[in-house]
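J.: The structure is given below, and queries will be raised subsequently.
Laboratory data are not the source of any read-out in this text; all were calculated from the coordinates shown. The structure presented is a predicted model; accordingly, all values stated were derived computationally and were not measured. Reconstructed Cβ throughout: ideal geometry from the backbone, glycine too, with neighbour counts over all protein chains shown.
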Amino acid sequence: MNKLPLQKDRLTREFYARPTEIVARELLGKCLVRRTNRQWVGGIIVETEAYLADGDPASHSARGKTRSNASMFMDAGTLYVYPIHAKYCMNAVTEGPGRGSAVLIRAIQPQWGIQQMQSNRQTQDLKRLTRGPAMLCQALAVDRGDDGINLTTDRNILIAQPRSPSPATDVYATPRIGISKAIDERLRFFYRGNSFVSGPKRDHR
DNA sequence: ACAACGATACCCT
DNA sequence: GGGTATCGTTGTT
C-alpha cells in the first residue's frame, strides 16, 4: 500500500519549467492527490499527453491567448482546467509564463480515497474511475473553479514524488487521442501494460 | 443571435 | 467500432 505523498515531496516549479515532452514523460509514476470532502483522493499518473507552445495545431494555445485558455499562458506549475463535451480535463502548465504549453493528464491508477472517488463518479468499477481525462477530473472533483491554481503551493491539490520507489516501467509513446490535427506526433506517453490507461495500449511502431 | 465543433464518455452492436 | 448526449467556446451573420 502506497503512502500518501508528503508536502515536501511536491514537484516544484523547476520540474515543470522544462521542455513539455520531458515533463509529460516524467510525470508518469508521480502521485496526483486532491483533497475533496475532507479526504485525500488520487493515485499514480499512468498516461499523459504533451501540448506544445510552438507549431502544434492541436494545442489550445495555437491561436493565441484568450479568456478561456489564459491559465495555459501562466507560469509553469499552474493548473489549466478546460471544459469539453460538458465535462472537464486537467493539465499542468509547462515551460514558463507566456509560452502556452501544458501536459494533459489522461489517467491515473487509483490509490487513495477510492470510496470517495467511487462516490464522485457514481460507479463502483475501479477500471472506470479514472481512465480518461474527464473521468479523472470527475473522480477528483476538479472543475473550472480549479483553473489557474498553483500546483506547487496549493493546499488542496498537488503532484508529488512517490514516497516508496516504484518499479521500473516501460514507457510507450504514441499519437495523441481524440484530435484531428498533428496526428503523427508521438506526444502521448503511458505505462506499458497498465490497465488504467485509456485508449490503445500498443506501441505505435 | 446562432451554428458548428470539440484534448469525452457512454451505450449499444 | 459507431452513434450521440451535452454545453462552453468560438467564429460567423
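J.: For segment A:7-191, compute the number of Lys pairs whose alpha carbons are separated by less than 30 Å, excluding pairs fewer than 8 positions apart on the same chain.
T.: Lysine pairs, 8 or more places apart or on different chains, close enough: 10.
J.: Testing the spin-label approximation: label points 7 Å from Cα along Cα→Cβ at residue A:150 and residue A:123. State their distance in nm.
T.: It is 3.6 nm.
J.: Given the C-alpha centroids of segment A:101-177 and segment A:26-60, what is the distance between them in whole angstrom?
T.: If you average the Cα positions of each part, the centres end up 6 Å apart.
J.: Okay, next question. Could you give the length gained by full extension between residue A:68 and residue A:22, i.e. 0.36 nm per residue of separation minus their alpha carbon distance, to one decimal place? Before the final figure, lay out each step's value.
T.: Numbers: separation 46, 0.36 × 46 = 16.56 nm, distance 2.56 nm.
Difference between extended and current length: 14.0 nm.
J.: Could you give the length gained on full extension between residue A:180 and residue A:195, defined as 0.36 nm per residue of separation minus the Cα-Cα distance, in nm?
T.: So the chain would gain 2.9 nm between residue A:180 and residue A:195.
J.: Something else about it: So how do A:99-108, A:20-29, A:124-133 stack up, highest first, on mean other-Cβ count within 10 Å?
T.: Values: A:99-108: 26.4, A:20-29: 20.5, A:124-133: 18.8.
Result, highest mean Cβ count within 10 Å first: A:99-108, A:20-29, A:124-133.
J.: While we're here: Which shape class, rounded, prolate or oblate, goes with chain A when its Cα gyration tensor gives a ≥ b ≥ c as root eigenvalues, a/c under 1.5 marks rounded, and past that a/b bigger than b/c marks prolate?
T.: Rounded, because the longest to shortest axis ratio a/c is under 1.5.
J.: Using the crude model of +1 on Lys and Arg Cβ and -1 on Asp and Glu Cβ, and no other charge, please compute the dipole size for chain A relative to its Cα centre, in debye to 20.
T.: Details: 31 positive and 19 negative charges, 102 e Å.
In total the dipole reaches around 480 debye.
J.: Could you give me the ³J(HN,Hα) list for segment A:40-48, computed from phi with Karplus coefficients 6.51, -1.76, 1.60 and θ = phi - 60°, whole Hz, x at Gly and Pro?
T.: 8, 10, x, x, 9, 5, 10, 8, 9
J.: For residue A:87 paired with residue A:39, estimate the spin-label separation in nm (one decimal), with each label point 7 Å from Cα along the Cα-to-Cβ line.
T.: Placing both labels 7 Å beyond Cα along the Cβ direction yields 2.2 nm.
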